[in-house]
Amino acid sequence: MASTPTEHPATTATFPSRQKPIPFSFENGQRTQLSSILPPLVFGTATFNHQYNDDPFAMDTTGLVTSALTHGIRAFDTSPYYGPSEELLGNALATPFVRETFPRNSYMILTKVGRIGGSEFDYSKEWVRQSVRRSLERLHTDYLDLVYCHDVEFVSPAEVLEAVRELRRIRDDEGTIRYIGISGYPLDVLGDMAELILRETGEPLNAVQSYANFTLQNQTLAGPRGIQRLRNAGVDVVPNASILGMGLLRRQGVPCGALGDWHPAPSALRAAVRNASDFCDSYGEKLEVIAIRFALETWISAGALCGSKGDPASGVPWKLESNDDVGGTKLGVSVIGVSRAPELEKTMLVWRSILDGLEGGEETAVQAGRWYRAWEWSRNRRQAVQILAEGIQEILQDGFDFAWASPDPGYVNQKKKQKVVEESDAPWLTPAASPEAKPVKDGAEVAEEKSLPLR
């Protein structure tokens, strides 16, 4: 008969009824470094969007946010461009249970300004002010922890400078913003903008969020054009988002919704990814499972140069874990996105296993009463994923490290003059918030396998 595991004294502890604040301070003109407090796992809410789900208001967004908090997640990423995302996130964080158990200072809210529609941007200081005020109202908060200029490659450097300067004015004069960054896709543009802002203002950016540049298919963010260049420009934290390459790295192929096939990947790359998926199938794995674990696990170390010492999500309900419990070093920051509770639960199991494999993970697992060989299992799983990742890269050939154009050639900003535009009205597919694809065989839809293996 199996024996009951012995519960050992733990550095992890059952959550108290009211969560402790993230240790932010601002004294004598100096504020806490973002890289000392930003959690390494950020919950992205771009999925709270009409483009990704038929009716986001019918989703259990309150349940997802509450479950994320109870599993230890302490940072949420959103944008006014993601349809009703800000409103839904704000309402979820405003429930009596969350307000009582998770005070506002116990988690971080990250949002964006500037993007209005698929081809419409407004980086003017007037719009930045209005966008920030509206985000504060939608999110039911007195301050925003981090505000990005959204997709800077679509506007001029002068416009980016104007927006950053206005965000910093709001930070300094009004105190409703704590940290400021930029986001986008082309690494060269992100590097150019980070260097320009440092040169022109004398102050570096707190964060630069890149998407789809550290995945199974494209790992240039880890190279000299990516994180090293951004670090040289003084950037403190570089979060890695869209770890499935805007949905490219999935068994069922790129997302295809009501607006048709929007994904910029060329046909040759899509074909190579299909071959890579077949390769994973032959070893009893799913491409997206390997892609998720590879990106989360590898970026922890590859992104550490611009990572954070914020407390990681433990991945276990009602268990608190500190950065010291997993080695005490900076961890690369990743953004995840889910639409349903089972997706969140499985992602947190993967994250927990990844943490078990870090320095200190073996001792922490034993102290917390988990299996004493969890560290060994995690390390072996890491090696298996790495072997498959190398095989996938061989199959991708010229498609490995390929980056598509952003924006498309001939792009023109459709910014409207003398008109207040609601960003959430834009019917365009965002990279991180696209409708789920339905697999097709011989011209007919087939049922999609929704569940992911527990890895």
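If I ask for residues that are among the hydrophobic types (A, V, I, L, M, F, W, C) and crowded, with 23+ Cβ neighbours inside 10 Å, which ones from the stretch 351-376 would you list?
351, 354, 355, 365, 375
Quick check on the stretch 224-231. Is at least one of its residues surrounded by 24 or more Cβ atoms within 10 Å (Cβ to Cβ), touching a Cys at 6+ places or on another chain (Cβ under 9 Å) and within 16 Å of residue 303 (Cβ to Cβ)?
yes
In this structure, is residue 262 closer than 24 Å to residue 79 by Cβ and over 17 Å from the mean Cα position of the chain (by Cα)?
Details: closer than 24 Å to residue 79 by Cβ: yes; over 17 Å from the mean Cα position of the chain (by Cα): yes.
Answer is yes for this residue.
Would you pick out the residues in the stretch 112-124 that are surrounded by 18 or more Cβ atoms within 10 Å (Cβ to Cβ) and either within 14 Å of residue 135 (Cα to Cα) or polar (S, T, N, Q) (or both)?
Answer for the stretch 112-124, where residues must be surrounded by 18 or more Cβ atoms within 10 Å (Cβ to Cβ) and either within 14 Å of residue 135 (Cα to Cα) or polar (S, T, N, Q) (or both): 112, 113, 114, 115, 116.
Given the options 303, 234, name the one that is surrounded by fewer than 21 Cβ atoms within 10 Å (Cβ to Cβ) and more than 21 Å from residue 391 (Cα to Cα).
234
Only one of (1) assigned to a helix (DSSP H, G or I); (2) closer than 23 Å to residue 67 by Cα; (3) open to solvent by 60 Å² or more (accessible area, probe 1.4 Å) is not met by residue 383, so which one is it?
Exception for residue 383: condition (2).
Counting just the residues of the stretch 255-272 that are among the hydrophobic types (A, V, I, L, M, F, W, C) and at pLDDT 75 or above, which one comes out most open to solvent (accessible area, probe 1.4 Å)?
Going through the qualifying residues, I end up with 268.
Restrict the check to the stretch 341-362 and report whether at least one residue is in contact with a Lys or Arg (Cβ under 6 Å, 6 or more places away or on another chain) and part of a helix (DSSP H, G or I).
yes
Quick grid of which residues meet (1) open to solvent by less than 30 Å² (accessible area, probe 1.4 Å); (2) within 24 Å of residue 20 (Cβ to Cβ); (3) touching a residue at least 12 places away in the same chain (Cβ under 8 Å); (4) not β-branched (Val, Ile, Thr):
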residue: 60; (1), (2), (3), (4): no, no, yes, yes
residue: 74; (1), (2), (3), (4): yes, yes, yes, yes
residue: 80; (1), (2), (3), (4): yes, no, yes, yes
residue: 92; (1), (2), (3), (4): yes, yes, yes, yes
residue: 106; (1), (2), (3), (4): yes, yes, yes, yes
residue: 110; (1), (2), (3), (4): yes, yes, yes, yes
residue: 150; (1), (2), (3), (4): yes, no, yes, yes
residue: 157; (1), (2), (3), (4): no, no, yes, yes
residue: 161; (1), (2), (3), (4): yes, no, yes, yes
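Are there any pairs with C-beta distances below 8 angstrom linking a residue in the stretch 195-214 that is farther than 10 Å from residue 235 by Cα and in contact (Cβ under 8 Å) with a residue 60 or more places away in the chain to a residue that is hydroxyl-bearing (Ser, Thr, Tyr) and not in a helix (DSSP H, G or I), with the two at least 6 apart or on different chains, and if so which?
209/148; 209/183; 211/183; 211/185; 211/242; 212/185; 212/242; 213/185
Any idea how many residues of the stretch 25-40 are more than 12 Å from residue 206 (Cβ to Cβ) and surrounded by 15 or more Cβ atoms within 10 Å (Cβ to Cβ)?
Summing the residues that are more than 12 Å from residue 206 (Cβ to Cβ) and surrounded by 15 or more Cβ atoms within 10 Å (Cβ to Cβ) in the stretch 25-40 gives 2.
Considering only residues of the stretch 82-129 that are farther than 22 Å from residue 168 by Cα and in a strand (DSSP E or B), which is farthest from the chain's Cα centre (by Cα)?
120
Given the options 142, 172, name the one that is at pLDDT 95 or above, assigned to a loop (DSSP other than H, G, I, E, B) and over 22 Å from the mean Cα position of the chain (by Cα).
142
Please enumerate the residues belonging to the stretch 57-87 that are at pLDDT 95 or above, of a type in the set (A, V, I, L, M) and in contact with a helix residue (DSSP H, G or I) (Cβ under 9 Å, 6 or more places away or on another chain).
64, 65, 68, 69, 73, listed by residue number.
Only residues that are of a type outside the set (A, V, I, L, M), closer than 20 Å to residue 298 by Cβ and open to solvent by 10 Å² or more (accessible area, probe 1.4 Å): list them for the stretch 329-350, please. Don't jump to the end; show me each part of the working.
Our first condition is that a residue be of a type outside the set (A, V, I, L, M); within the stretch 329-350, this holds for 329-330, 332, 334, 337, 339-340, 342-343, 345-347.
Narrowing further to those that are closer than 20 Å to residue 298 by Cβ: 329-330, 332, 334, 337, 346-347.
Within the stretch 329-350, 329, 330, 337, 346, 347 qualify.
Name the helices (runs of 4 or more DSSP H) wholly inside the stretch 221-340 in which the number of residues that are free of Cβ contacts under 8 Å to residues at least 12 places away in the same chain is 2 or more. Walk me through it before giving the result.
On the way: elements: 229-232, 267-281, 287-302.
Correct list: 267-281.
Among the numbered criteria (1) in a helix (DSSP H, G or I); (2) at pLDDT below 95, which one does residue 54 miss?
(1)
Against the definition (assigned to a helix (DSSP H, G or I), crowded, with 21+ Cβ neighbours inside 10 Å and touching an Asp or Glu at 6+ places or on another chain (Cβ under 9 Å)), how does residue 392 come out, yes or no?
Working: assigned to a helix (DSSP H, G or I): yes; crowded, with 21+ Cβ neighbours inside 10 Å: yes; touching an Asp or Glu at 6+ places or on another chain (Cβ under 9 Å): no.
Here the answer is no, as residue 392 does not meet what is asked.
The values are calculated or read from the model by the stated rules, or taken from the named source; none is laboratory data. Since the structure is predicted, the reported quantities are computational estimates derived from the model, not experimental observations. As a convention, Cβ positions derive from the backbone with ideal geometry for all residues, glycine included, and neighbour counts pool all protein chains shown. For accessibility, only protein heavy atoms count, side chains too; no ligands or nucleic acids. Shrake-Rupley method; radii C 1.70, N 1.55, O 1.52, S 1.80 Å.
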